[in-house]
Each structure stands twice: as structure tokens, then as C-alpha cells.
1. Of the residues in the range 84-106, how many are in a loop (DSSP other than H, G, I, E, B) and crowded, with 17+ Cβ neighbours inside 10 Å?
2. Of the conditions (1) in contact (Cβ under 8 Å) with a residue 40 or more places away in the chain; (2) under 22 Å from Q3 (Cβ atoms); (3) of a type in the set (D, E, K, R), K86 clears all except one; give me its number.
3. For a quick check of your reading: which strands (runs of 3 or more DSSP E) sit entirely within the range 1-64 and have at least 2 residues that are crowded, with 17+ Cβ neighbours inside 10 Å and in contact (Cβ under 8 Å) with a residue 12 or more places away in the chain?
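Since every read-out is calculated from the coordinates, none of them should be taken as a lab result. As the structure is a prediction and not an experimental result, all values here were calculated from the model. Positions of Cβ are generated from backbone atoms using ideal geometry, with glycine treated the same way; all protein chains shown enter the neighbour counts.
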Amino acid sequence: QVQLVESGGGLVQPGGSLRLSCETSGFTFRNYDMRWYRQAPGKEREWVALVTIVGTTVYADFVKGRFSISRDNAKNTVHLQMNSLKPEDTAVYYCHAMGGPNSYWGRGTQVTVSS
């Protein structure tokens, strides 16, 4: 059974940091590109960051220089380090795995940036 379980969300003040984790099971993690997406209230889900199977990272312009994605193939886990958080980063953050024809989503973790 495929599972992607996000954790690490919460309430943080503007300028603060959070580290999200996505623990996976049920598929061969090292063969999948991993992404983070987010969805704010009333908005469409948007892509945030990508780490490929070879470790290449790519970021959406609105998080460049602030967020960092990484993967740990030994632990089947992907992380998203979020620094210098802004109120507009408030959203549910989702982990996504893609490999060949397969596409898997987690259920998300809430991040709220507010003073």
C-alpha cells in the first residue's frame, strides 16, 4: 500500500522557519521524482519544489532562496526546509511522487504564517 505522510507543519511568525517531512512507503522511492505543492484557501494547487531521482533541485520563483528541498533515499523521505516565511506562504503543503505512469499524493500538512 502506497503511503505518503507529511509532517512538520504548524503556526509560525513571519520571518520564521519550518521543516516539512514526507515519509513514504509502498513504492521504490529512489526511482521517483519528488515534489512539494501547496494550496492556499480559495486558490489552485501550485508547484513549489522538485528533487529528481539524481538529486537535481528546481524551485518556483516565489520560494527561490528561501526554501530548500532534499531527499533521503535511505529513509524514503523528502524534506522541505522553509526559511524567511511570509504570510503568503500560508497553505496546505502536499508531497507528490512521480515515476513513469505512477503518481502519488500525500494528504497534506497545514502551514500558517501569522503574527
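1. 3
2. (2)
3. 3-7, 18-25, 33-39, 46-51
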